[in-house]
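The values are calculated or read from the model by the stated rules, or taken from the named source; none is laboratory data. These figures come from a predicted structure and were not determined experimentally. Ideal geometry is used to build each Cβ from the backbone, glycine not excepted, and the neighbour counts take in all protein chains shown. The accessibility values were calculated without ligands, DNA or RNA, using every heavy atom of the protein model including side chains. Shrake-Rupley method; radii C 1.70, N 1.55, O 1.52, S 1.80 Å.
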Amino acid sequence: MALLGKVVLAASICTKTGKAIVSRQFFEMPRSRIEGLLASFPKLIGTGDQHTFVETESVRYVYQPLEELFMVLVTNKQSNILQDIDTLHLFARVVSEQCRTMDEKEVAKNAFNLLSVFDELVAVGGYRESVTLAQIRTITEMESHEERVQAEIAKQKERDAKEELNRKARMLDQQKREMQKKGGGYSGGMSSFSGMASSISAFGGGGSSGGSGGGYGGRQTTSYESSSSYDDYRSSPTPAKASAAAGPPSKGMQLGAKKSTANALFESLKNEEGLHDVVDPPRASPHMVSAVAPITSPTGEAVQLDIEERMIMNANRDGGLSKLEVKGTLSLKVSDPSKGGIRIVLKNNHESNVQFQTHPNVDKALFSEENTIGNKDKSRPFPTQSIVILRWRYSSKDEAAIPLAINCWPSPTGSGSCDVNIEYELQNTSLELRDVVISIPYPGGTPPSVGDAEGSYRIDKQKRSIEWEIPFIDASNRSGVLEFSVPSEDVSGFYPISAKFHSVKTLTNVEVDRVVSVADGASVSFAKNGGFEVEEYLVV
């Protein structure tokens, strides 16, 4: 950065009595010297003076009131007074950026940040750096685009994991309900384990009833060895009777042969109170699970299609488009294996410059010629787990491709404040945007005064931004305005503007038309979820 003329010996924030709160010296200067200069400063200024500087025989004080405090620059008398005043104004603005209120406690709390900012404005030796307020704000925030992208990716992974967990929970609930309808259900836990143990003992499997097999080296006969054993188990009245018919118990080690003291006490209490054992109703065998009909998805359809798109957009404040990129995926979930022999036909009205990439097992020629997704091997059905069968990418530099245009119109009043109009306009009227949140930063530490606004808004004082919330945007309310004013004329302080929203309709118009059977071409019913979501939406 270029170095300009020597302007500053020290930059300080002091009280009206001359007490230094924060002071940064840019020359070797003892503490007693700067404290003496600041202590004598209030005696040099008059109560009715309109000047912004005062001189002594050795130094010049350039100052500006900050409510109950003073921002003071101590310079040499040979410096350029116009440049001194410009530097003073810049110091005062960065102080208001760092401190919410101009009092001694708040300044002392942010002393470290203030000193860091002072070092960015003036270099050691008293030379002012050629920087603007926007550059100072960027330096102090110490944020990067890559960091924001990684943070969003991490959040998205967390959201995806939660969605997958919820989906599996719904599938398990549906499976339990279906099993209860088909086979009477299973209670799980220890009761299911005991049922399994009874069935194994009925066929001489496990434990000491393995006969001559003995130990780990012998051959054990279990109910899984033949279908006759499975049929015998189903024809037995109850597991208890089957166990009784298996013959006398072996003489080997038996667990639980002697009741513990706790069990004896429990039996005594049960007899005294006249309690009876609760007998569980007959349950279906664990081996009968395979005979239950295939479980459908929570939507009730055996074929589930999910379309997801994520958009990144960077636009310029003058209306130009720097970057617009959309990445999408089509996922297939087949719950019923008998419905795996299908083909997915896409609508042919998507954007012309969309680049597609199919799964390696998908017939690429069929997709390119007929816009249809199917397996290369017609006899091979789609698997039952959820898989991504199609990916695509879309990018554009055309301003007309921006789904939601956001414009900022700041108007400085000339008296230290600025009136601002923020306008949105839905350019793609076929979309329905939901949960729209537009974040507008504001300069300075004083919250803005908001006038008219479509929807609702809230002021985040910590982030120093206005969160403009519109629940729903479509062709019926395609445009809206938010009006507010701030006590600052820094027009660059209202950027970057960011936005978050989502839609149930895709941005690229990639949609599923129908699903047909490979065997006879008949239509197959399916469930579909889709839409796009904003990953990054900035106006800089």
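Assorted remarks:
- When the range 70-81 is filtered for residues that are in a strand (DSSP E or B) and out of contact with any helix residue (DSSP H, G or I) (no Cβ under 7 Å at 6 or more places or on another chain), the ones remaining, listed by number, are 70, 76.
- First in the range 491-507 and without any contact (Cβ under 8 Å) to a residue 60 or more places away in the chain, second anywhere and in a loop (DSSP other than H, G, I, E, B) and surrounded by fewer than 16 Cβ atoms within 10 Å (Cβ to Cβ), Cβ under 8 Å, 6 or more apart: 496/540
- Qualifying residue in the range 406-428 (condition: closer than 30 Å to residue 344 by Cβ, open to solvent by 40 Å² or more (accessible area, probe 1.4 Å) and assigned to a loop (DSSP other than H, G, I, E, B)): yes
- Inspection of the range 40-59 finds a residue satisfying the criterion of being acidic (Asp, Glu) and either closer than 18 Å to residue 86 by Cα or open to solvent by less than 40 Å² (accessible area, probe 1.4 Å) (or both).
- Positions within the range 349-367 being over 14 Å from residue 389 (Cα atoms), open to solvent by less than 90 Å² (accessible area, probe 1.4 Å) and free of Cβ contacts under 8 Å to residues at least 24 places away in the same chain, in sequence order: 365
- Complete set of residues in the range 457-501 that are part of a loop (DSSP other than H, G, I, E, B) and either on the phi > 0 side of the Ramachandran plot or of a type in the set (A, V, I, L, M, F, W, C) (or both): 464
Residues are listed down the side, and each one gets a yes or a no for (1) under 30 Å from the mean Cα position of the chain (by Cα); (2) outside any loop (DSSP other than H, G, I, E, B); (3) of a type in the set (Lys, Arg); (4) at pLDDT below 90:
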| site | (1), (2), (3), (4) |
| --- | --- |
| 280 | no, no, no, yes |
| 284 | no, no, no, yes |
| 301 | yes, no, no, yes |
| 306 | yes, yes, no, no |
| 313 | yes, yes, no, no |
| 318 | yes, no, no, yes |
| 326 | yes, yes, no, no |
| 338 | no, yes, no, yes |
| 344 | no, yes, no, no |
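- Residue among 435, 520 that alone is within 27 Å of residue 148 (Cα to Cα) and open to solvent by 10 Å² or more (accessible area, probe 1.4 Å): 435
- Filtered residue count, the range 331-348, keeping only those that are exposed (fewer than 13 other Cβ atoms within 10 Å of the Cβ) and out of contact with any strand residue (DSSP E or B) (no Cβ under 7 Å at 6 or more places or on another chain): 2
- Any hit, the range 396-405, residues being of a type outside the set (S, T, N, Q), over 18 Å from residue 506 (Cα atoms) and modelled with pLDDT of 90 or more: no
- All positions within the range 103-137 that are part of a loop (DSSP other than H, G, I, E, B), of a type in the set (A, V, I, L, M, F, W, C) and under 36 Å from the mean Cα position of the chain (by Cα): 131
- Among the candidates 492, 503, residue that is of a type in the set (Ser, Thr, Tyr) and under 20 Å from residue 393 (Cβ atoms): 503
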